[in-house]
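Take a look at the structure set out below.
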Amino acid sequence: MNFNGQHLIFGTVQFFIIVILAPFFAGFIHKLKQRARGQKGINIFQFYLNFNKLLKKEIVLSKDASFVSNIAPYIVFADYLVILLMMPAFYRYSLLGVSSDVILIAYSLALATFFMTLYAMDQGSAFGGLGASREWFLTVLSEPSLIFVFISLAIYTKHGRITDIFYFVQKGAANAFLSGIHSGAVSIAIPFLLFISLFIVSISENARIPIDNPETHLELTMFHEANILETSGKHLGIYEYGSYLKLTVFLTVMSLILFPYMAVNIYQIPLALIIYVLKMLILCILIAGVEIVNPKMRVFRVPNVLSVSFILSLIAMILSIRGF
Amino acid sequence: MLMGKIAELFIILILVSVVLNVSSPFIKFAIKLYSFQSLMLAFYILMGAVHFNSINLYGSFIITIIFKVILIPYFLFKTLKKVKMDKEIDMFIGIPEAVVFAGSLTLLSNLIAQKIIKTGITFGSFVFTISLATFLIGAMLMITRKTLFSQIIGFLTIDNAIFLAANSITHGMPLLVELGVLFDLFVSILILSILILNLRRNIAV
């Protein structure tokens, strides 16, 4: 891949647009949920205002806290930013597209979780340890299916980088459905399986309702929230922004599986951007719908759901190895 | 080509519904899933009927809709209402273990299907893999579940798998044969539901 000025400019534009839109999508889901419950609902841009307010407040740390607490929030945030630098959303050449290996992305997500739980335990409160233990319970269960989703995408398209994977899918689909050339790796069944599997994983990883409910502060329901219970001020703001970025990462991968359309040159960018935002809004409505319809699940029923997700990604991998 | 891909989606949905059936502990949901699975099977047959333009397959589509999607689930729901058994399904092994076991059965069926295809029998390898997996998972459902009612679901799943495999090989059986098979299935469901009712009345399982 030759790296010219155009890629640099549009890659940067793409990165900033994704990062700036992230709280908007989270706010959109929140607003939809509240309207469905019959409440008036927050402003869609409320999460930007919250972030702005939290940045001005001072940080209070526990007296037992070590230096880990001072660096962990920034590492988590930087980690998500690096993942978003690799991610293609509406322009084919992302800034770190050269090193956007799928295994690297999967383990970068785990690294962020690691530092968040380290922060939780470093505060020395009982809730931190509880939250860290629960968070890893979920992450360990959902990691195999995430890895399998990525590996089966790589086998299906015979490419290792996430930019190349989705560009290959896009080209194959365009060839097959527009000009009728059967280029070999076009399937509806495999993306469908991967989409369902990734949807379940993203609900569990992003602390959404059937599995976790981050809106309450009840010790029984806390998964994600127990980790950042002790957090205050700037750190809290950074953690919350990080969680919106994580949601955006998952939604972007799902939107690319759903309908891969990435611009290659400057003329396609406006259309690609519009399609990207539309896809993200559709996925937000889907997630909000799942959250409205389902009650919070019992914790010991969570492995059932996550095992289904694992098996669906396993089936997708079998099918992609066989090359259907 | 597009039609073939959509047919693959229907076949995959059959397998997905079976995996969901293994993972869910609710018996009403299992019956609904069976109905959905039969609907997907019917759509797959319809795709074949449109493709080969065969009257047998159109007939098979209509019969499948009537018997498997509507009548059998209706009778199962009716029996369920009479038995008043709305409890969760008991299994001999835990649900995550059962689901992972179902996944390994899929792997196994993939291996077997590859060996069989190498011998030179030419039919849809995709359909054959999925139907073999569905067959094995249905057998696993029959073995691992404790009550008779939930074993019926496994039996019906096996029947669907055989139906799928038959349709993949033959481009449609003669209508008379399919009618006979479906009628057999229907009668066996009736007998089993009477058996459940009588068991309930006499021994109170």
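The values are calculated or read from the model by the stated rules, or taken from the named source; none is laboratory data. None of these values were measured; they are calculated from a predicted model. Counting neighbours? That spans all protein chains shown, and the Cβs are built from the backbone with ideal geometry, glycine included.
With A:36, A:106, A:78, A:26 as the choices, which residue is at pLDDT below 95 and surrounded by fewer than 16 Cβ atoms within 10 Å (Cβ to Cβ)?
Within the list A:36, A:106, A:78, A:26, the selection yields A:36.
Residue under question is residue A:273, and the condition is that it be away from chain B (no Cβ under 14 Å) and modelled with pLDDT of 95 or more; does it hold?
So residue A:273 does not fit the description; no.
Considering each of B:11, B:45 in turn, give the residue that is under 16 Å from the mean Cα position of the chain (by Cα) and within 23 Å of residue B:101 (Cβ to Cβ).
Being under 16 Å from the mean Cα position of the chain (by Cα) and within 23 Å of residue B:101 (Cβ to Cβ) holds for just one of B:11, B:45, which is B:11.
Need at least 2 residues that are farther than 24 Å from residue B:186 by Cα and either of a type in the set (A, V, I, L, M) or touching a residue at least 12 places away in the same chain (Cβ under 8 Å) (or both) per element, so show me which helices (runs of 4 or more DSSP H) inside the range B:40-141 make the cut, counting only ones lying wholly within it.
Here the list reads B:95-118.
Any idea how many residues of the range B:1-39 are farther than 26 Å from residue B:149 by Cα and either part of a helix (DSSP H, G or I) or in contact with a Pro (Cβ under 7 Å, 6 or more places away or on another chain) (or both)?
9
Let me confirm something: among B:139, B:102, B:133, B:98, which residue is touching a strand residue (DSSP E or B) at 6+ places or on another chain (Cβ under 8 Å) and at pLDDT 90 or above?
Of the residues listed, the single one that is touching a strand residue (DSSP E or B) at 6+ places or on another chain (Cβ under 8 Å) and at pLDDT 90 or above is B:98.
Any idea which of (1) part of a helix (DSSP H, G or I); (2) surrounded by fewer than 21 Cβ atoms within 10 Å (Cβ to Cβ); (3) among the hydrophobic types (A, V, I, L, M, F, W, C) is the one residue A:47 doesn't satisfy?
Against the list (1) part of a helix (DSSP H, G or I); (2) surrounded by fewer than 21 Cβ atoms within 10 Å (Cβ to Cβ); (3) among the hydrophobic types (A, V, I, L, M, F, W, C), residue A:47 comes up short only on (2).
Answer yes if at least one residue in the range B:33-44 is hydrophobic (A, V, I, L, M, F, W, C), surrounded by 16 or more Cβ atoms within 10 Å (Cβ to Cβ) and at pLDDT below 90, and no otherwise.
The answer is no; no qualifying residue exists.
Looking only at the range B:18-60, how many residues end up being small (Gly, Ala, Ser) and within 11 Å of chain A (Cβ to nearest Cβ)?
Final tally of qualifying residues: 2.
Does residue B:176 count as under 30 Å from residue B:53 (Cβ atoms) and surrounded by fewer than 19 Cβ atoms within 10 Å (Cβ to Cβ)?
Considered against the rule, which asks whether it is under 30 Å from residue B:53 (Cβ atoms) and surrounded by fewer than 19 Cβ atoms within 10 Å (Cβ to Cβ), residue B:176 comes out as yes.
Kindly provide the set of residues from the range A:260-278 that are surrounded by 15 or more Cβ atoms within 10 Å (Cβ to Cβ) and outside any helix (DSSP H, G or I), ordered by number.
Result: A:260, A:261, A:262, A:263.
In this structure, does residue A:154 turn out to be surrounded by fewer than 21 Cβ atoms within 10 Å (Cβ to Cβ) and within 11 Å of chain B (Cβ to nearest Cβ)?
When the stated conditions are applied, residue A:154 does not pass them.
Let me spell it out: the conditions are (1) crowded, with 22+ Cβ neighbours inside 10 Å; (2) of a type outside the set (Val, Ile, Thr); (3) within 14 Å of chain B (Cβ to nearest Cβ); (4) more than 17 Å from the chain's Cα centre (by Cα), and residue A:178 meets all of them except one. Which number is the exception?
So residue A:178 meets the others, but not (1).
Could you identify the single residue in A:281, A:247, A:286, A:312 that is within 14 Å of another protein chain (Cβ to nearest Cβ) and either assigned to a helix (DSSP H, G or I) or in contact (Cβ under 8 Å) with a residue 60 or more places away in the chain (or both)?
Just one listed residue meets the conditions, A:312.
Quick test for you: out of A:195, A:168, A:177, pick the one residue that is farther than 22 Å from residue A:242 by Cα and touching a residue at least 40 places away in the same chain (Cβ under 8 Å).
A:195
Hey, does the range A:23-39 have a residue that's within 20 Å of the chain's Cα centre (by Cα) and outside any helix (DSSP H, G or I)?
So far as the range A:23-39 goes, no, none of its residues is within 20 Å of the chain's Cα centre (by Cα) and outside any helix (DSSP H, G or I).
Of the residues that make up the range A:184-200, is at least one more than 14 Å from chain B (Cβ to nearest Cβ), at pLDDT below 90 and part of a loop (DSSP other than H, G, I, E, B)?
The answer is no; no qualifying residue exists.
Tell me yes or no: at least one residue of the range A:75-97 is more than 19 Å from the chain's Cα centre (by Cα), part of a helix (DSSP H, G or I) and touching a residue at least 24 places away in the same chain (Cβ under 8 Å).
no
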